[in-house]
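Okay, structure first, notes after.
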Amino acid sequence: MEEMIENLPGLRHEVASGSGAQAVERALQLLSIVGRGAEKGVALSDVVADSGLNKPTARRLLMALMRSRLLEQDELSRRYYLGGELYVLGMLASRRHGLLEMAGESLKRLSGLSADTSFVSMRRDDYAVCLHREEGTHPVRTHALLTGDQNPLGIGAGSLAMLAALPDSEVEAIVGRIESVIAVQYPGYSPETIREDVARTREAGYALNPGRVIANSWGIGMAILLPDGRLAGALSIAAIDSRMGEERQKELAGLLRQEVERVQSKLRTLFSSQKPVTQTIRQPARPRTPERV
């Protein structure tokens with residue numbers, strides 16, 4: 001618990017302010033309440049009624065959870081939803097559920113058929129996180145990306161594939177935010193390079209990293225989408241440059257496309273099997289008034 005709090009600045013602020021363990025317990029209670037209404041979101045009035053907290057306290061804890069990216073708030077409806085950080089934490093903590101589980105067989109096939117190293121990655125804010133690395137049998141391997149490594153979106157094949165799958169406005173916002181990072185840490189890149197890579201990725205249908213992160217280490221990647229079209233992650237393959245000629249790029253792209261389709265099919269099955277919550281146990285309701293938070 002302490003490690004989790006240390007990595008989540010919103011909750012860390014609440015604990016430091018003197019609320020301590022009680023603040024954490026209340027925050028987790030609010031997470032549970034929002035989670036029960038994950039599909040439609042939850043209004044502040046519902047959170048207050050279900051938690052028994054007063055409105056200022058509930059709102060303060062909700063804001064702390066939003067700062068920690070555990071919750072999100074829709075700008076129009078003002079309703080609260082579970083945040084992306086929860087998905088990331090669960091993905092990093094467990095090998096049994098989610099994208100990593102669904103992509104496991106695909107990674108084994110990709111590395112088995114290509115003899116090169118394959119990866120599954122997902123987005124974390126402006127970064128791509130490598131969830132798993134599956135080694136191939138080719139004796140000469142690239143070690144450009146290890147499990148747990150993070151690169152700004154657009155840096156590397158899987159990361160670029162994810163960036164290219166986002167709307168133009170979001171791509172521009174991300175490029176603007178990571179510009180200072182790539183200037184210091186990634187001399188092979190520039191904002192204009194990333195924009196050009198995004199355009200080429202969309203045209204080709206797959207992303208290519210021609211050894212820009214580490215010389216002689218090339219990568220090819222393809223985005224995985226959720227049933228509603230949102231980004232889920234990416235599959236990618238890395239190899240030395242001599243194994244990434246134009247003809248082999250097309251061959252590897254075909255393998256990636258097959259496995260991306262398999263993973264997306266599993267995601268469709270997962271989402272179609274989820275039934276909406278039809279009943280929620282509530283505490284006695286309190287009088288409610290319209291609000292804007």
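The values are calculated or read from the model by the stated rules, or taken from the named source; none is laboratory data. The model shown is predicted, which means the values in this text are computed figures rather than measured ones. For neighbour counting, all protein chains shown are included, and Cβ atoms are generated from backbone atoms with ideal geometry for every residue, glycine included. The protein model used for the area step is the full one, side chains on, heavy atoms only, and it has no ligands, DNA or RNA in it. Shrake-Rupley method; radii C 1.70, N 1.55, O 1.52, S 1.80 Å.
Counted by Cβ distance under 12 Å from R195, the other residues give a net charge of -4, where Lys and Arg count +1 and Asp and Glu count -1. Sorting V24, V184 on solvent-accessible area from highest to lowest, probe radius 1.4 Å, gives V184, V24.
Against the criterion of solvent-accessible heavy-atom surface with a 1.4 angstrom probe, T147, T201 sort, most first, into T147, T201. In the range 124-211, one over the average inverse separation of all distinct C-alpha pairs is 13.6 Å, which is the Kirkwood hydrodynamic radius. Is the C-alpha gyration tensor of the range 100-253 telling us rounded, prolate or oblate? Criteria: a/c under 1.5 is rounded; beyond that, a/b larger than b/c is prolate, otherwise oblate. Prolate, because a/c is 1.5 or more and a/b exceeds b/c. The listed residues L225, L166, once ranked by accessible area (1.4 Å probe) with the largest placed first, stand as L225, L166. With K and R counted +1 and D and E -1, the other residues having a Cβ less than 11 Å from that of L231 yield a net charge of 0.
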